[in-house]
1. Once Rh for the protein assembly as shown is found with the Kirkwood sum over Cα pairs, what is the Stokes-Einstein diffusion coefficient at 25 °C and 0.890 mPa s, in µm²/s?
2. Relative to the Cα centre, what is the charge dipole magnitude of the protein assembly as shown, using +1 at the beta carbon of each Lys and Arg, -1 at the beta carbon of each Asp and Glu, and rounding to the nearest 20 debye?
3. Can you count the Lys pairs in the protein assembly as shown whose Cα atoms are under 27 Å apart, with each pair 8 or more apart or on different chains?
4. Counting only heavy atoms of the protein chains, get the accessible area per residue of region B:5-109 (1.4 Å probe) and round it to a whole Å² value.
5. Using only alpha carbons, build the gyration tensor for region A:56-112 and give me the equivalent ellipsoid semi-axes, biggest first, whole Å.
6. Only counting protein heavy atoms at a 1.4 Å probe, give the residues of region A:34-69, ordered by number, whose accessible area falls by 20 Å² or more when the other protein chains are present relative to the chain alone.
7. Quick check for me: using +1 on Lys/Arg Cβ and -1 on Asp/Glu Cβ, what's the dipole size of chain A about its Cα centre, in debye to the nearest 20?
8. Over the Cα atoms of chain A, what Rg and Dmax result, in angstrom?
Amino acid sequence: GESVGLHLPTLSVQEGDNSIINCAYSNSASDYFIWYKQESGKGPQFIIDIRSNMDKRQGQRVTVLLNKTVKHLSLQIAATQPGDSAVYFCAETYNAGNMLTFGGGTRLMVKP
Amino acid sequence: DAGVTQSPTHLIKTRGQQVTLRCSPKSGHDTVSWYQQALGQGPQFIFQYYEEEERQRGNFPDRFSGHQFPNYSSELNVNALLLGDSALYLCASSERGLGGQETQYFGPGTRLLVL
């Protein structure tokens, strides 16, 4: 079946730099996308979401960009901090269903 | 406001046994979804419960079953455990509304080890 995937399994950045985590999705019917952060031993934590009628959405230090033409999603984290170190997952859903399809995750490592 | 809670936090079982995991949704949420997360992978959808009925199911065998109670809490049951069932089991809750795009919030998970 179709699934969400990520380009980079591990991303290492310097504290204070900006981070960009990418995600490709293959289901053109997907209409809702979510980024989750998962720290070791914990459940996924909601970061930000975006609907298919939007191209960009901003939160506190985070921005999600959606490019439906190439089926690409990205998460930008400004001024990355050590506390941002975690595995980040993008997830998608479609057809008004609530079944989330997750990618494999990207591990973000922040160097002090 | 309590978030999603799950019990137990950890569990060790042997092959062939049965296990029951429990989930209490976030206050105000009426829909519960269950996911299985193998080590190093993203969560995989098992099923979703709303109004005490299974509404959607992922690609999991009938050994996986569930229940939702009138107070919206939920149980996940796995029968005839296999070694491959070892994973983190996540519960997510949401509030059903128009469009089916309600944000799902996850609990801390139950770590199941099958020996």
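1. 136
2. Magnitude of the dipole: close to 500 debye.
3. Lysine pairs meeting the criterion: 10.
4. 47
5. 24, 14, 10
6. Hits at the 20 Å² cut-off: A:TYR36, A:GLN38, A:GLY43, A:PRO44, A:PHE46, A:ARG51.
7. So the dipole magnitude of chain A works out to roughly 60 debye.
8. Spelled out, the Cα radius of gyration and Dmax of chain A are 13.4, 43 Å.
The values are calculated or read from the model by the stated rules, or taken from the named source; none is laboratory data. Every value quoted in this text rests on a predicted model; they were computed, and no experiment measured them. Heads up, the Cβs are rebuilt from the backbone with ideal geometry, glycines too, and the neighbour counts pull from every protein chain shown. Side chains are part of the model used for accessible areas, which takes the heavy atoms of the whole protein and leaves out ligands, DNA and RNA. Shrake-Rupley method; radii C 1.70, N 1.55, O 1.52, S 1.80 Å.
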